[in-house]
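Read through the structure below, which is laid out as structure tokens, and then see the notes.
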Amino acid sequence: MPSRRKGKEMSDGEINVSAAEDRVIVFDTTLRDGEQSPGATLTAEEKLEVADALFKLQVDVIEAGFPAASPGDFEAVREIARRSAGTGVTIAGLARAVPGDIERCAQAVSEAEKPRIHTFIATSDIHLKYKLRMTREQVIERVRESVTLAKSFVDDVEFSCEDATRSDREFMAEVFSVAVECGATTLNIPDTNGYTTPIEYIELISWLKDNIRMSDDVVLSVHCHDDLGMATANTLAAISAGARQVEVTINGIGERAGNTALEEVVMALDTRPTVYNGLTTRIVKNRLVPTSRLLSNLTGLAVQANKAIVGANAFAHESGIHQDGVLKERSTYEIMNPEDVGWTGTSLVLGKHSGRAGFRAALKDLGIKLEDDAMQHAYERFLELADRKKHVTGADIEALVADEIVVSGSAIHLDDFSVTSGKGGDANAMVVVSRDGQQFAGRANGNGPIDALLGAIDTALNLETELAYFQVEAVTPGEDAQGQVHMRVRHDGQMYSGHGLATDTVEASAKAYLAAVSHIVTNQPEVVLAATSSTSRWT
Ligand code: KIV
Ligand code: ZN
């Protein structure tokens, strides 16, 4: 962690970017808040894949999950903590301000090279009255007890006032001051509902810096949601006001409209050093695009084409005037270099004659490392793909490798299927699937090929579900592109998600459905986080 040094005081309205550190701490919460995106649930193996990518990206802190939420979350945090040895990355777990959560979190992060407990409680009157049913005095007492308990396990304790931007300032300053007195080392000021604006946030953070006792001894952190589309602007404004930790996610995934996108903050600091007084991060910038793709492939959450930095069109120039300008001098319409953020690997093209050596070289270019077995399997899938698709690109290979992780974690596999459909929507499907070496067959009619196919799977497995979400995305342009399907299905009141990849979108749909169904049979629904309850043994 960078050393803390006191900066000059701020006068009213002045934006002081030189307030403290020369480096901003990047706290990545893709695996916690990001995973709270509807449909983004990752399996344990997928989480480890994302964590490895975050280690390579060199984020400073990984919030690896919410250990008390489920045994799966606990195990994932514990395994990521173990893997952090030698990386210098801090592993944080989230815990409500209740003893059970804090103890569970302490256990989960205990093997990390640098463990952190991140505990929180809401401080807005709305949350106190309707959610917590607690008085302000009770909240202060709870903060005192929980931060003290967290500190008994680890040195590095982060404390957040949930819904900070709608909380009473004086009360919040008192709550934060108590947290510091009890040993908190980072104070997080979340814009939980994406409600604030840049100017208001600057004002709030400056005021808190002046009014929290011993605020100079702790790192101020911000955590913004994007409900009004201002998460990145608010985060950067907060940095200007002296915040030195930013809580962000890859591709900006997260609750509702999402969180601040890591790549946007990192590149804003990098591209506009004079505005942010030379503040830097230690992020390996050319890993931004590969990490974005990996996450999108694993979660099935598509990155919108016009998304800053990592969207497919982020560096595409369509208008003749722009193309002409860029050809003459790139800086006319490009403020960043696409290679700097990792777009290089994407121009890579392979065909079936590239051979094993070409495939290996492509993986290396893309920063993908596979064990021998996985390498052999991925190579076989590459050959199958190259038979169906003339040009296999870097994006295809990334999608394929990510899909391998999804498929290997799947309990049910697609062995065979056929579908016939005609005008008017009438369709007929047959399917053979296998589970633990046993095969099951089913047939069904439906309204269109996908409806018929899912019906056939239901018959084969004797299952009833309701399709809640269905999305198809092409991995690359072109009619022979691989289609990536993302599905969410409801079963017995719980939500399950899955995604599938194939050049045939009907097959990709069957795979996505089977991935979701695998979660049903192995009882792995999307995790719904419970609100902080008032029934802890401290109330
Ligand atoms: O948005 C929020 O307030 C959070 C906290 C738990 C930090 O995610
Ligand atoms: Zn959040």
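The values are calculated or read from the model by the stated rules, or taken from the named source; none is laboratory data. Everything quoted here is computed from the prediction, not taken from an experiment. Cβ atoms come from the backbone with ideal geometry, glycine included; neighbour counts cover every protein chain shown. We work out accessible area using only protein heavy atoms, side chains counted, and drop any ligands, DNA or RNA first. Shrake-Rupley method; radii C 1.70, N 1.55, O 1.52, S 1.80 Å.
Answer yes or no: is there a residue in region 54-65 that is touching a Cys at 6+ places or on another chain (Cβ under 7 Å) and either part of a strand (DSSP E or B) or modelled with pLDDT of 95 or more (or both).
Scanning region 54-65 turns up no residue that is touching a Cys at 6+ places or on another chain (Cβ under 7 Å) and either part of a strand (DSSP E or B) or modelled with pLDDT of 95 or more (or both).
Taking region 24-53, which residues are outside any helix (DSSP H, G or I), within 14 Å of ligand 1 (Cβ to nearest atom) and closer than 23 Å to residue 237 by Cα?
Answer for region 24-53, where residues must be outside any helix (DSSP H, G or I), within 14 Å of ligand 1 (Cβ to nearest atom) and closer than 23 Å to residue 237 by Cα: 27, 28, 29, 30, 33.
In this structure, is residue 44 open to solvent by 10 Å² or more (accessible area, probe 1.4 Å), over 10 Å from the mean Cα position of the chain (by Cα) and at pLDDT 95 or above?
Values: open to solvent by 10 Å² or more (accessible area, probe 1.4 Å): yes; over 10 Å from the mean Cα position of the chain (by Cα): yes; at pLDDT 95 or above: no.
No.
Consider only pairs whose beta carbons are under 6 Å apart and that are at least six residues apart or on different chains; among these, list those whose first residue lies in region 157-168 and is part of a helix (DSSP H, G or I) and whose second residue is near ligand 1 (Cβ under 8 Å from one of its atoms).
Correct list of pairs: 164/190; 165/191.
Anything in region 250-278 that is assigned to a loop (DSSP other than H, G, I, E, B) and either among the aliphatic types (A, V, I, L, M) or more than 16 Å from ligand 2 (Cβ to nearest atom) (or both)? List them, or say none.
253, 257, 272, 273, 274, 275, 276, 277, 278
May I ask you to verify whether residue 64 is out of contact with any strand residue (DSSP E or B) (no Cβ under 6 Å at 6 or more places or on another chain), within 16 Å of ligand 1 (Cβ to nearest atom) and among the small types (Gly, Ala, Ser)?
no
When you check residue 350 against the structure, is it modelled with pLDDT under 90, closer than 28 Å to residue 509 by Cβ and touching a Phe, Trp or Tyr at 6+ places or on another chain (Cβ under 7 Å), yes or no?
yes
So how many residues does region 279-301 have that are in a loop (DSSP other than H, G, I, E, B), open to solvent by 40 Å² or more (accessible area, probe 1.4 Å) and touching a Ser or Thr at 6+ places or on another chain (Cβ under 9 Å)? First the steps, then the outcome.
Restricting attention to region 279-301, the residues satisfying the condition of being in a loop (DSSP other than H, G, I, E, B) are 279, 281-284, 300-301.
With open to solvent by 40 Å² or more (accessible area, probe 1.4 Å) added as a condition, the list becomes 282, 284.
After this cut, where a residue has to be touching a Ser or Thr at 6+ places or on another chain (Cβ under 9 Å) as well, the list is none.
Counting residues in region 279-301 that are in a loop (DSSP other than H, G, I, E, B), open to solvent by 40 Å² or more (accessible area, probe 1.4 Å) and touching a Ser or Thr at 6+ places or on another chain (Cβ under 9 Å) gives 0.
Against the condition modelled with pLDDT of 85 or more, hydroxyl-bearing (Ser, Thr, Tyr) and exposed (fewer than 15 other Cβ atoms within 10 Å of the Cβ), how does residue 408 come out, does it pass?
Answer is no for this residue.
Any chance you could count how many residues in region 116-143 are under 29 Å from the mean Cα position of the chain (by Cα) and touching a residue at least 40 places away in the same chain (Cβ under 8 Å)?
13
Matching residues to (1) modelled with pLDDT of 90 or more; (2) open to solvent by less than 60 Å² (accessible area, probe 1.4 Å); (3) in contact with an Asp or Glu (Cβ under 8 Å, 6 or more places away or on another chain):
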residue	(1), (2), (3)
445	yes, no, yes
448	yes, yes, no
457	yes, yes, no
460	yes, yes, no
466	yes, no, no
471	no, yes, no
483	no, yes, yes
486	no, yes, yes
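Which residues, taken from region 244-264, are in contact with a helix residue (DSSP H, G or I) (Cβ under 6 Å, 6 or more places away or on another chain), more than 13 Å from ligand 1 (Cβ to nearest atom) and either open to solvent by less than 10 Å² (accessible area, probe 1.4 Å) or free of Cβ contacts under 8 Å to residues at least 24 places away in the same chain (or both)?
250, 261, 262, 263
For residue 165, work out the one condition from (1) within 16 Å of ligand 1 (Cβ to nearest atom); (2) within 24 Å of residue 273 (Cα to Cα) it doesn't fulfil.
(2)
Six or more apart or on different chains, Cβ under 6 Å: which pairs go from a residue in region 24-52 that's in the same structural domain as residue 496 (by TED's automatic domain parsing) to one that's open to solvent by 10 Å² or more (accessible area, probe 1.4 Å) and within 16 Å of ligand 2 (Cβ to nearest atom)? Could you list them?
Close Cβ pairs (under 6 Å, with a partner that is open to solvent by 10 Å² or more (accessible area, probe 1.4 Å) and within 16 Å of ligand 2 (Cβ to nearest atom)) do not exist here.
Working only within region 181-203, note down all residues that are away from ligand 2 (no atom under 16 Å from the Cβ) and either of a type in the set (Gly, Ala, Ser) or crowded, with 21+ Cβ neighbours inside 10 Å (or both).
Residues satisfying the conditions are 183, 184, 202.
Give just the number: which of (1) of a type in the set (Lys, Arg); (2) surrounded by 15 or more Cβ atoms within 10 Å (Cβ to Cβ); (3) free of Cβ contacts under 8 Å to residues at least 60 places away in the same chain does residue 369 not satisfy?
That leaves (2) as the condition not met.
Could you please let me know if residue 310 is of a type in the set (A, V, I, L, M, F, W, C) and within 16 Å of ligand 1 (Cβ to nearest atom)?
No: the conditions fail for residue 310.
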